[in-house]
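Q: One structure, pasted below without further comment.
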Ligand SMILES: Cc1cc2nc3c(=O)[nH]c(=O)nc-3n(C[C@H](O)[C@H](O)[C@H](O)COP(=O)(O)OP(=O)(O)OC[C@H]3O[C@@H](n4cnc5c(N)ncnc54)[C@H](O)[C@@H]3O)c2cc1C
Ligand code: SF4
Ligand code: FES
């Protein structure tokens with residue numbers, strides 16, 4: 001019999017390091033139902049686990065006990081898809097800066113901690129179930145103008161026929177790294193989506209390709225944003241602090257300038 | 001079954017032009033009456049849906065995430081290839097074609113790969129026009145980097161987030177069409193069956209993941225862009241939801257599955273840390289441009305490092321073994337993935353691994369910090385810069401290039417890769433196998449297409465880095481929009497397809513029955529338990545090295561897992577509502593069947609090629625040994641109703657333009 005070594009070896013789940021935690025988790029059966037915080041005790045949590053792996057362990061226990069596991073959004077588990085979205089101890093994506101929930105590891109907590117886990121709360125993001133919310137408003141804002149109107153014929157200019165100064169390209173890239181997670185909305189006392197929208201508007205405003213439609217774009221996206229029930233921006237800045245991609249609040253200022261310029265144009 | 005690949009005649013470099021000139025067209029008025037379903041909104045799906053809608057077809061697109069922008073393509077890091085020759089380093093369409101065929105170890109179709117290389121340059125033009133912010137140099141022009149298996153720089157990138165930027169480009173094109181009403185987007189929907197009427201794909205059955213409703217959707221063609229099946233291994237670099245269900249259900253309805261055992265194990269991933277692990281994280285291949293891979297030269301050093309008595313940074317140069325540079329001087333750290341992965345495994349199996357599990361090697365940036373630092377000092381005219389200043393400047397350059405990857409590493413491992421080398425180990429990453437498609441990307445079900453990672457078409461037995469993004473966008477933007485018309489031209493007078501047809505009723509019934517049986521078995525064990533077990537078997541016996549004995553054992557184990565699964569799995573919660581455990585269970589059921597087929601396929605192929613390494617077939621130096629006179633074919637498997645008794649069909653591979661050689665990167 002050939003025996004090949006299997007590399008999925010247990011090294012971290014030793015009892016000495018295991019933490020005991022109290023979890024207070026928002027449970028809500030569906031959009032219409034009343035929700036409430038429910039308490040769970042979880043033992044032997046390894047500091048090397050990611051936060052979502054800790055949630056997996058909780059769910060495994062719940063299923064084995066015949067209870068309904070906690071529903072939450074997640075997919076890539078490496079901080080890029082923007083699906084994970086937990087409000088942990090009162091902060092979007094938890095206590096660390098520049099990371100998503102899925103990148104948070106249990107070493108950021110200590111034995112005996114009580115952790116409060118809630119969904120994003122905002123008029124623009126209704127709860128679907130437990131910790132999962134509906135962020136389709138972001139898609140609709142994008143559909144209103146977050147694009148360059150160029151058909152996919154491949155009959156465009158040669159890519160290098162449009163030089164872009166590196167500084168602009170880098171800034172446009174930084175704005176474009178927004179993952180659409182919605183932490184900015186969740187952390188804003190007004191529930192404003194300005195950081196998300198500002199980032200998209202900025203990406204195109206900084207690039208020559210975006211210029212022909214710049215005024216329509218900003219007007220249409222802002223209009224859709226307002227219709228979705230997101231609040232106004234009053235320059236509090238919580239969004240920038242809690243944004244896992246550190247999207248700069250400068251993008252909001254740039255969007256405001258674009259918007260004003262669009263209004264002046266009439 | 002006779003496999004007709006529909007490759008046009010004529011010289012290689014004229015086939016695609018000739019095809020486009022003669023393919024039938026559908027006029028704009030008729031397009032408005034034709035429905036197309038696109039399942040999946042990754043690079044392949046989003047680009048296909050947007051392009052078809054722009055052309056005038058009525059498109060419905062589905063994804064299981066809450067937004068099309070979150071498809072797994074978003075996670076691609078390193079870059080996308082294109083034969084632009086902007087670097088003037090001798091690149092050309094032919095060279096990209098040649099590299100891809102050779103990289104795939106001579107198990108891909110010439111005509112498809114040539115077409116891919118041909119349209120590659122358009123992709124970059126298209127993406128730039130859409131506002132994709134690729135990396136640029138100080139002159140404002142596009143920058144390139146190198147990837148494995150090539151000796152030119154043809155990889156376009158956006159830091160370590162190339163997939164994100166490309167997908168957001170395709171998503172914006174898709175959003176534009178949704179806004180115009182040309183695409184109906186169904187988020188949080190999972191396709192669970194293809195409906196075939198009189199031999200033609202006429203629609204799908206999908207489950208609304210929020211309400212649990214089972215829905216019928218009809219169309220004149222169905223395009224599957226549902227990604228790869230790497231998660232059959234449980235641990236992989238794929239997103240948690242990536243699955244084979246859509247492809248597998250099509251397989252059960254008549255689409256052949258090609259080369260399922262051709263899976264890619266990527267050499268540079270963060271090693272496994274514990275049994276709580278839910279997924280593995282890739283460290284992009286682009287890092288091999290600047291990182292050097294090594295293990296200690298002497299066992300006692302490896303042991304001391306494992307026992308944490310010695311730090312890698314303390315080990316002198318002459319006590320290190322840069323084994324890729326040693327074994328493959330011509331390509332060095334940039335050998336293709338299959339070669340690099342096996343070499344890492346070889347060193348670790350021999351006892352030179354460097355973390356507690358003994359299964360990790362170093363990826364070290366120290367010499368790049370120094371090289372870039374010196375360059376910076378020269379550029380800035382700092383002739384008296386100290387060593388520390390030079391290293392600090394070098395680190396800044398590396399941060400510019402790979403900052404997000406370094407940060408990601410630190411988040412997971414809690415070590416700073418600017419101060420100590422990264423530890424890496426191979427992990428499952430990509431699947432070259434997939435639904436068999438002809439030159440038009442049509443499966444063996446008429447009117448059912450497969451694009452992107454879901455098909456088998458372009459990468460043979462090993463994919464080169466930065467070529468999946470290229471293929472996904474080529475399929476969706478530039479190939480399918482032409483080929484689908486050739487079929488739909490016959491559908492202009494079909495009219496709306498009714499979802500009341502008995503085939504729709506039967507397919508829906510089938511899905512309902514499966515769901516009910518999963519709920520009604522009185523099981524007690526969570527789905528993940530079975531998935532982990534399956535993954536371990538496949539990793540052990542159908543992973544980086546395979547053998548006849550091991551594969552036979554794996555097949556019998558998988559059959560046991562299947563039985564156990566249906567008897568003992570527990571699905572909590574409700575049928576008619578949000579239920580992620582139910583979603584997982586259906587995916588795992590399909591993974592079990594696929595896993596068995598992968599082992600069968602690997603057992604059948606008595607040779608080593610690319611990612612498929614059969615221990616019995618290797619050269620004296622431990623390199624893969626192909627057996628061309630027997631196995632130069634695509635293995636296309638047919639479902640028979642019994643997952644343990646599939647039928648093998650063969651499509652011979654013909655090489656008219658490239659001389660088949662044994663692959664050498666020395
Ligand atoms: C970490 C990582 C890094 C990578 N980096 C690179 C790189 O640098 N360069 C490169 O070329 N390649 C890279 N790859 C490979 C490349 O990203 C993928 O092969 C490619 O993105 C696949 O695209 P796709 O459109 O075929 O499928 P995906 O992007 O996987 O999309 C699949 C889509 O199908 C949908 N779907 C699946 N099943 C169903 C169903 N049953 N019902 C409804 N919808 C369904 C999903 O919702 C999703 O929208 C990387 C891969 C990984 C894992
Ligand atoms: S701006 Fe930041 S917080 Fe807001 S959606 Fe984008 S990535 Fe998330
Ligand atoms: S799961 Fe993708 S960002 Fe967290």
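Q: Could you list all residues from segment A:83-97 that are more than 10 Å from ligand 2 (Cβ to nearest atom) and in a loop (DSSP other than H, G, I, E, B)?
A: Selection gives A:83, A:84, A:86, A:89, A:90, A:94, A:95, A:96, A:97.
Q: Moving on. In this structure, is residue B:32 more than 16 Å from ligand 1 (Cβ to nearest atom) and outside the structural domain of residue B:280 (by TED's automatic domain parsing)?
A: It is true that residue B:32 is more than 16 Å from ligand 1 (Cβ to nearest atom) and outside the structural domain of residue B:280 (by TED's automatic domain parsing).
Q: For the list (1) part of a helix (DSSP H, G or I); (2) buried (at least 21 other Cβ atoms within 10 Å of the Cβ); (3) away from ligand 3 (no atom under 16 Å from the Cβ); (4) in contact (Cβ under 8 Å) with a residue 60 or more places away in the chain, I need the number of the one condition that residue A:169 fails.
A: Exception for residue A:169: condition (4).
Q: Further question on the same structure: Has segment A:142-155 got any residue that is assigned to a helix (DSSP H, G or I) and either touching a strand residue (DSSP E or B) at 6+ places or on another chain (Cβ under 7 Å) or within 15 Å of ligand 2 (Cβ to nearest atom) (or both)?
A: For segment A:142-155, residues assigned to a helix (DSSP H, G or I) and either touching a strand residue (DSSP E or B) at 6+ places or on another chain (Cβ under 7 Å) or within 15 Å of ligand 2 (Cβ to nearest atom) (or both): present.
Q: Tally the residues that are surrounded by fewer than 16 Cβ atoms within 10 Å (Cβ to Cβ) and in contact (Cβ under 8 Å) with a residue 60 or more places away in the chain, restricting the search to segment B:504-513.
A: Matching residues across segment B:504-513 total 2.
Q: Taking the conditions exactly as written (at pLDDT 95 or above, surrounded by fewer than 24 Cβ atoms within 10 Å (Cβ to Cβ) and either at the interface with chain A (Cβ under 9 Å from one of its Cβ atoms) or touching a strand residue (DSSP E or B) at 6+ places or on another chain (Cβ under 7 Å) (or both)), does residue B:179 satisfy them or not?
A: yes
Q: Within segment B:67-93, track down each residue that is within 13 Å of residue B:154 (Cβ to Cβ) and without any contact (Cβ under 8 Å) to a residue 40 or more places away in the chain.
A: B:88, B:92
Q: Quick check, is residue A:90 within 14 Å of chain B (Cβ to nearest Cβ) and touching a residue at least 24 places away in the same chain (Cβ under 8 Å)?
A: Answer is no for this residue.
Q: Going by the structure shown, is residue B:280 surrounded by 22 or more Cβ atoms within 10 Å (Cβ to Cβ) and not assigned by TED's automatic domain parsing to the domain that holds residue B:591?
A: Yes; evaluated as a whole, the condition is true for this residue.
Q: Among the residues of segment B:618-660, which ones are more than 23 Å from residue B:545 (Cβ to Cβ), in a loop (DSSP other than H, G, I, E, B) and in contact (Cβ under 8 Å) with a residue 40 or more places away in the chain?
A: B:639, B:643, B:644, B:646, B:653, B:654, B:655, B:656, B:657, B:658, B:660
Q: So residue A:34 clears everything in (1) within 15 Å of ligand 2 (Cβ to nearest atom); (2) in a loop (DSSP other than H, G, I, E, B) except one condition, right? Which one?
A: All conditions are met except number (1).
Q: In contact with a strand residue (DSSP E or B) (Cβ under 6 Å, 6 or more places away or on another chain) and either within 16 Å of ligand 3 (Cβ to nearest atom) or assigned by TED's automatic domain parsing to the domain that holds residue A:166 (or both), is that true of residue A:237?
A: no
Q: Further, regarding this structure: Out of B:458, B:490, B:500, report the one residue that is surrounded by 23 or more Cβ atoms within 10 Å (Cβ to Cβ) and either at pLDDT 95 or above or not assigned by TED's automatic domain parsing to the domain that holds residue B:607 (or both).
A: Result: B:458 is the single residue among B:458, B:490, B:500 that is surrounded by 23 or more Cβ atoms within 10 Å (Cβ to Cβ) and either at pLDDT 95 or above or not assigned by TED's automatic domain parsing to the domain that holds residue B:607 (or both).
Q: While we're looking at this one, here's another question. Any idea how many residues of segment B:348-361 are outside any loop (DSSP other than H, G, I, E, B) and surrounded by 20 or more Cβ atoms within 10 Å (Cβ to Cβ)?
A: 2
Q: What residue, of B:440, B:399, B:410, is assigned by TED's automatic domain parsing to the domain that holds residue B:279 and touching a helix residue (DSSP H, G or I) at 6+ places or on another chain (Cβ under 9 Å)?
A: Exactly one of B:440, B:399, B:410 is assigned by TED's automatic domain parsing to the domain that holds residue B:279 and touching a helix residue (DSSP H, G or I) at 6+ places or on another chain (Cβ under 9 Å), namely B:399.
Q: When segment B:88-105 is examined, which residues are found to be crowded, with 23+ Cβ neighbours inside 10 Å and either touching a helix residue (DSSP H, G or I) at 6+ places or on another chain (Cβ under 7 Å) or part of a helix (DSSP H, G or I) (or both)?
A: Scanning segment B:88-105 gives B:96, B:97, B:99, B:100, B:101, B:103.
Q: Within segment B:44-62, work out how many residues are in contact with a strand residue (DSSP E or B) (Cβ under 7 Å, 6 or more places away or on another chain) and either part of a helix (DSSP H, G or I) or within 13 Å of ligand 1 (Cβ to nearest atom) (or both).
A: The qualifying residues number 8.
Q: Follow-up. Scan segment B:355-370 for residues that are away from chain A (no Cβ under 13 Å) and in contact with a helix residue (DSSP H, G or I) (Cβ under 7 Å, 6 or more places away or on another chain) and jot them down.
A: Hits for segment B:355-370 are B:362, B:363, B:365, B:368, B:369, B:370.
Q: I would also like to ask the following. From A:230, A:204, which residue is within 14 Å of chain B (Cβ to nearest Cβ) and at pLDDT 95 or above?
A: Just one listed residue meets the conditions, A:204.
Q: Let me ask something additional. Residue A:160 passes all but one of (1) over 22 Å from residue B:175 (Cβ atoms); (2) facing chain B (nearest Cβ under 10 Å); (3) in a loop (DSSP other than H, G, I, E, B); which number fails?
A: (3)
The values are calculated or read from the model by the stated rules, or taken from the named source; none is laboratory data. This structure is a prediction, so every number in the text was calculated from the model and none was measured. Every residue, glycine among them, receives a Cβ derived from its backbone with ideal geometry; neighbour counts consider all protein chains shown.
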